[in-house]
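Trainee: Have a look at the structure that comes next, please.
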Amino acid sequence: MVPRPRAGVVFLLFACLYVLSLGRGLYTSDGVVMFETTRALAEDGTLALDPNPELPQIVPGQGGVYYGKYDPGLPLLGIPFYVTGDWLGRVNYAHRYRLATTAYLLVPALSAAGAVTALYALARQLYGDRRALLVALAAGFGALLWSYARALFPEATLALALTGAVGLIVTAGRVAGRGSERMPGVRFLPLPLTPSPHAERGKSGGGVVPSPFDRGRTYDSRDYRGGVNQNETPEGAFHMQFVAERVLLAGIVFGAGMLVRAALAIYALPLAVLIVRTSPRGWRARVGRLVTFGAGMTPFVAGLLWHNDLRFGSLFEFGYAGERFSTLPWEGVLGLLASPGKSVFLYAPPLVLSVVLWPRFRRAYPALGLFLALAWITALGFYGAWWAWHGGWCWGPRLLVPLLPLSCLPLGMLPDRRAWRFAAGVLVALGIGVNALGVLTDVNQHYGAVFNTDSVNSDDDAYRTLHTDPAQSPLVGAAQMVARGETEPLVLFHLKDTGLPPTWSIGAPLLLLIGLAWGGFVIVRALAHPHASRNCPLPPT
């Protein structure tokens, strides 16, 4: 019997991989400030920090007190990890600071693994097990998450929040389709239904295969009319409660992401459109879901505004004073899409195929297809005009990373033909290679070398060189560093240097390697089995 991969196996595989890929430190000054904020919270119960001229991200607040300029979500998430790492160093008479930073880096690593798992769970509702695994593997290995799982930026956590919120909204839409008067089907709301093989072949008698909540019944998606108001039955009441809980939880997850970075709010409008498009027809149901989603967000938005008022005496002062939307929008958008130093298609090659397959995805799943289009238009318009559209000293287009897992969903529409499979394999392999370069090297070294070049007269000149000169692209710089053998040590294989006993320095990486091997074995076996596609109906044309 073939072991059926579950979400837990996907999480295990990527959690082990990402934790084993952790580097030797925090790498970024952003990470240092967030780590110091966590330490101040854990040890002193305060958000206040000591001023440091070398860390401009520590800014003056009201009353002459200094604070980190970032939102409080990631420092709050990091408290239990910091406390655990510090405790581990104390009881083993080991290097407490190094162990605390290593434990703190588990936040992005586990967040990235959670984002891939949430993507798998969502794709499984649309495509079945096998294609969902392929989508998750493409996102987890080839779409920048791997690189950001090892750096203390909030992008991996934001990806988890956005992907999780979308998955919960889609789940609510699938269940709500059971109790609606008219099943909209592929024309409006295909999410409660999985396209059947008969639909793929153009046969007229196949109809659609219902979701697991439909208990084996088959409906015609063109014009289903229920004869009973299922909301009045016990089963219908259960469905209504289930839907409300999922929408509320989606709001909570998205609100928690906003607490990590307030700019995640730019995706609120695309999410609202997704909620409306996956709701039963009728303004009451749609408004009710929007209100429920907003109720889940509200405590976190309130906490974010309170944090602003505490630091700066203003609810709407977010710590970015003097930073503006000063880039010509077309310049930033072109840089994010096509520049040799920051193009999202260079750092996440599978997205090339996602763009090609998006029209098929849009026809099959209109609500999700529309959401992706709106989300990309919003993100490119917002970040393309930001002065630091490139994200600073980082690997690839950092600010777009939260949207990348969901952007791999169209890959599930890949036609079952050799040429398409070959193209997908090549692009995923390229993505793995690109992300491996980001994992094995420290991109800051290349940035520093370019910034210190005599021919560079200003920071703007340095950034322009990095982003527009192919020879100075961080991709080229990373490849050159690997060729010279200048790779970064993986901290889990150097725990002995922290003073930990062999029980930890050998046992921890060994357990992670075993988990990685077992998770990979289960997934590869499921993909390779001749009957693995039985739960994976072909997508519609």
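Trainee: Once you put a point 7 Å from the Cα of Ile79 and another 7 Å from the Cα of Ser314, both along the Cβ direction, what distance in nm separates them?
Mentor: Output for this residue pair reads 2.8 nm.
Trainee: Moving on. Using a Förster distance of 45 Å, how high is the FRET efficiency between Glu43 and Ser455, based on the Cβ-Cβ distance and rounded to 0.05?
Mentor: Numbers: r = 46 Å, r/R0 = 1.01.
So, using R0 = 45 Å, E works out to roughly 0.50.
Trainee: Out of segment 353-462, which trypsin sites (Lys or Arg not before Pro) are coil in DSSP terms and have no more than 13 other C-beta atoms within 10 Å? Display every interim value, and only then the final one.
Mentor: Details: sites: Arg360, Arg362, Arg363, Arg398, Arg417, Arg418, Arg421; in loops: Arg417.
For trypsin sites (Lys or Arg not before Pro) across segment 353-462 that sit outside H, G, I, E and B with at most 13 neighbouring Cβ atoms in 10 Å, the list reads Arg417.
Trainee: Same structure again: With each run of n ≥ 4 DSSP H residues scored as -39500 (n - 2.57), what mean residue ellipticity at 222 nm is computed for the chain after dividing by its residue count and rounding to the nearest 500 deg cm²/dmol?
Mentor: Computed ellipticity for the chain at 222 nm equals -19500 deg cm²/dmol.
Trainee: What does the C-alpha gyration tensor say about the overall shape of segment 95-177? Classify as rounded when a/c is under 1.5, otherwise prolate if a/b is larger than b/c, or oblate. Intermediate results must be reported in sequence, preceding the final value.
Mentor: On the way: a/c = 3.28, a/b = 2.07, b/c = 1.58.
Because a/c hits 1.5 or more and a/b exceeds b/c, segment 95-177 counts as prolate.
Trainee: When the chain is fully extended, how far beyond the present Cα-Cα distance does Arg24 get from Ala429, taking 0.36 nm per residue of separation? Don't skip to the answer; put the middle values down first.
Mentor: Values: separation 405, 0.36 × 405 = 145.80 nm, distance 2.61 nm.
Gain on stretching Arg24 to Ala429: 143.2 nm.
Trainee: Turning to a different aspect of this structure: Listed highest first by mean packing, meaning other Cβ atoms within 10 Å per residue, what order do 280-286, 441-447 come in?
Mentor: On the way: 280-286: 14.0, 441-447: 19.1.
By packing density, highest mean first, the sequence is 441-447, 280-286.
Trainee: Measuring from the lowest to the highest alpha carbon on each principal axis, how far does segment 397-538 reach, largest first, in angstroms?
Mentor: 61, 48, 28
Trainee: On to the next question. What do the square roots of 5 times the Cα gyration tensor eigenvalues come to for the chain, in whole Å, largest first, as semi-axes of the equivalent ellipsoid?
Mentor: 39, 27, 24
Trainee: Among Lys342, Lys69, which comes first, then next, by fewest other beta-carbon atoms within 10 Å?
Mentor: Lys69, Lys342
Trainee: So, one more: Please order Thr465, Thr102, Thr453 by the number of other Cβ within 10 Å, starting at the fewest. Before the final figure, lay out each step's value.
Mentor: Working: Thr465 18, Thr102 25, Thr453 13.
By the 10 Å Cβ count, ascending, the order reads Thr453, Thr465, Thr102.
Trainee: At 0.36 nm per residue, minus the direct Cα-Cα distance, what do Arg90 and Glu54 gain on full extension? Give it in nm, one decimal, please.
Mentor: Details: separation 36, 0.36 × 36 = 12.96 nm, distance 2.89 nm.
Length gained between Arg90 and Glu54: 10.1 nm.
Trainee: Between His494 and Val301, 0.36 nm times their residue separation minus their Cα-Cα distance comes to what? Intermediate results must be reported in sequence, preceding the final value.
Mentor: Details: separation 193, 0.36 × 193 = 69.48 nm, distance 4.06 nm.
The His494-Val301 span can extend by a further 65.4 nm.
Trainee: So if I restrict to the alpha-carbon atoms in segment 284-336, what is the Rg, and what is Dmax, the biggest pairwise distance, in Å?
Mentor: For segment 284-336, the Cα-based Rg and Dmax read 17.1, 43 Å.
Trainee: Order 427-435, 119-127 from most to least packed using the mean count of other Cβ atoms within 10 Å. Don't skip to the end; give the middle numbers.
Mentor: Details: 427-435: 20.1, 119-127: 24.7.
Result, highest mean Cβ count within 10 Å first: 119-127, 427-435.
Trainee: Sticking with this one: Relative to the compact globular guide of 2.2 N^0.38 Å, what is the alpha carbon radius of gyration of segment 324-420, as a ratio?
Mentor: Details: Rg = 14.3 Å, N = 97, 2.2 N^0.38 = 12.5 Å.
Normalised Cα radius of gyration, segment 324-420: 1.14.
Trainee: Around Glu245, what is the net charge, scoring Lys/Arg as +1 and Asp/Glu as -1 over all other residues with Cβ under 15 Å from its Cβ?
Mentor: With Lys, Arg at +1 and Asp, Glu at -1, the neighbours total +3.
Trainee: Could you list Trp330, Trp87, Trp389 so that the one with the fewest beta carbons within 10 Å of its beta carbon is first and the one with the most is last? Write out the running numbers ahead of the final one.
Mentor: Details: Trp330 10, Trp87 14, Trp389 27.
Ascending Cβ contact count within 10 Å gives the list Trp330, Trp87, Trp389.
Trainee: OK, next. Using DSSP to define loop residues, name the trypsin sites (Lys or Arg not before Pro) in segment 433-523 whose beta-carbon has at most 15 other beta-carbon atoms within 10 Å.
Mentor: On the way: sites: Arg464, Arg484, Lys496; in loops: Arg484.
Taking segment 433-523 and a limit of 15 other Cβ atoms within 10 Å, the loop trypsin sites (Lys or Arg not before Pro) found are Arg484.
Trainee: Taking the Cα atoms only, what angle lies between the long axis of helix 350-364 and the longest principal axis of the chain, rounded to 10 degrees?
Mentor: 30
Trainee: Given the convex hull over the Cα atoms of segment 1-102, what projected area results after averaging over all orientations, in nm²?
Mentor: On the way: hull surface 36.3 nm².
Answer in nm², one decimal: 9.1.
Here, each number is a calculation from the coordinates, and none is a lab measurement. Predicted model only: the values in this text are computed from it and were never measured. Because the Cβ atoms are built from the backbone with ideal geometry, glycine has one as well, and the counts that use them run over all protein chains shown.
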